[in-house]
1. Got a sec? Which of 255, 304 is within 16 Å of the ligand (Cβ to nearest atom) and closer than 14 Å to residue 126 by Cβ?
2. Quick one: which helices (runs of 4 or more DSSP H) lie wholly within the stretch 30-128 and hold at least 2 residues that are free of Cβ contacts under 8 Å to residues at least 60 places away in the same chain and under 53 Å from the mean Cα position of the chain (by Cα)?
3. For the stretch 258-287, what are the residues that are within 10 Å of the ligand (Cβ to nearest atom) and touching a residue at least 60 places away in the same chain (Cβ under 8 Å)?
4. Scan the strands (runs of 3 or more DSSP E) fully inside the stretch 202-317 and keep the ones with 2 or more residues being surrounded by fewer than 20 Cβ atoms within 10 Å (Cβ to Cβ).
5. Quick check: is even one residue across the stretch 107-114 within 22 Å of residue 287 (Cβ to Cβ) and surrounded by fewer than 15 Cβ atoms within 10 Å (Cβ to Cβ)?
Ligand code: DAH
């Protein structure tokens, strides 16, 4: 029960409450602390209510004085709590800004510029040289049919030449091309001679991996068909190309055999005192042209297939073909 108290006693209590509340609110460290203070000071059963209950016996003159004072204190404390809440929010933001400060003056680590893979730059260089000789670049599919990869190139089923190339077959008819030579046929089918094209691209063979073999590697196919083309044109073109690419380096032609050229040759360059084969070539076999409906009495030509890895290895003194495919940045950054 409330006690009967005098006006000045109640005023004194209100003043004390206000003073203490001010201090507590200003010292509050969190939202929830302020909410608790609001309840304990201003709530239905809060300290202000408790004091107000004691004014029941005051005179009708004194009561409104206390009522007014209590109201002012209530409004003042509410404002104070809101103010303190806002203050806490901005303190938290300031703290976060301070903690998350980024020093924009620290020098950046920079981004690593990409550079061309040595095989690509070698291929580009080969392409450049042939483009300078009047050739244009053609492409063909890596998934090839038995017909284009073998049959049309004079390599029928059961022909011993198929043993030379162990093949990744996808099904009975489709395979991963074992060389870029099928691009010759695809191109000639749609484009009548004269023809001067090169076809760079990936080829696939079921070779075990070692320092000089990889199941995937790159070739550039060369095809020239025109009137009165003979072996000396082939030889001249190959020598011009090799001289442009390597500079003065010993070169030799070795008689060889390919089912789609007659005569055929392999070309070696001398590297580290040894002969290293860098391409196969030959005069396009008339049978290949006739099958395409091209008059082999009128049109003759030569073809060649270059191993890009070999050219790149000689150019950069790389002794292991596996280095090209392992994506080792320490290796790749040198180019
Ligand atoms: N296709 C042959 C191979 O991969 C290389 C080749 C030899 C291509 C003679 C030719 C050529 O165009 O005339 O082994």
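Here, each number is a calculation from the coordinates, and none is a lab measurement. Here the structure is a predicted model, which is why all the values come from computation and not from measurement. As a convention, Cβ positions derive from the backbone with ideal geometry for all residues, glycine included, and neighbour counts pool all protein chains shown.
1. Details: 255 fails: closer than 14 Å to residue 126 by Cβ.
304 is the lone residue from the list that is within 16 Å of the ligand (Cβ to nearest atom) and closer than 14 Å to residue 126 by Cβ.
2. Numbers: elements: 31-42, 47-53, 62-99.
Fully inside the stretch 30-128 and qualifying: 31-42, 62-99.
3. 258, 259, 260, 284, 285
4. Details: elements: 216-226, 251-258, 261-271, 274-284, 300-307.
So the answer is 216-226, 251-258, 261-271, 274-284.
5. Let us first name the residues in the stretch 107-114 that are within 22 Å of residue 287 (Cβ to Cβ), namely none.
Checked against the condition, which is being within 22 Å of residue 287 (Cβ to Cβ) and surrounded by fewer than 15 Cβ atoms within 10 Å (Cβ to Cβ), the stretch 107-114 yields no hits at all.
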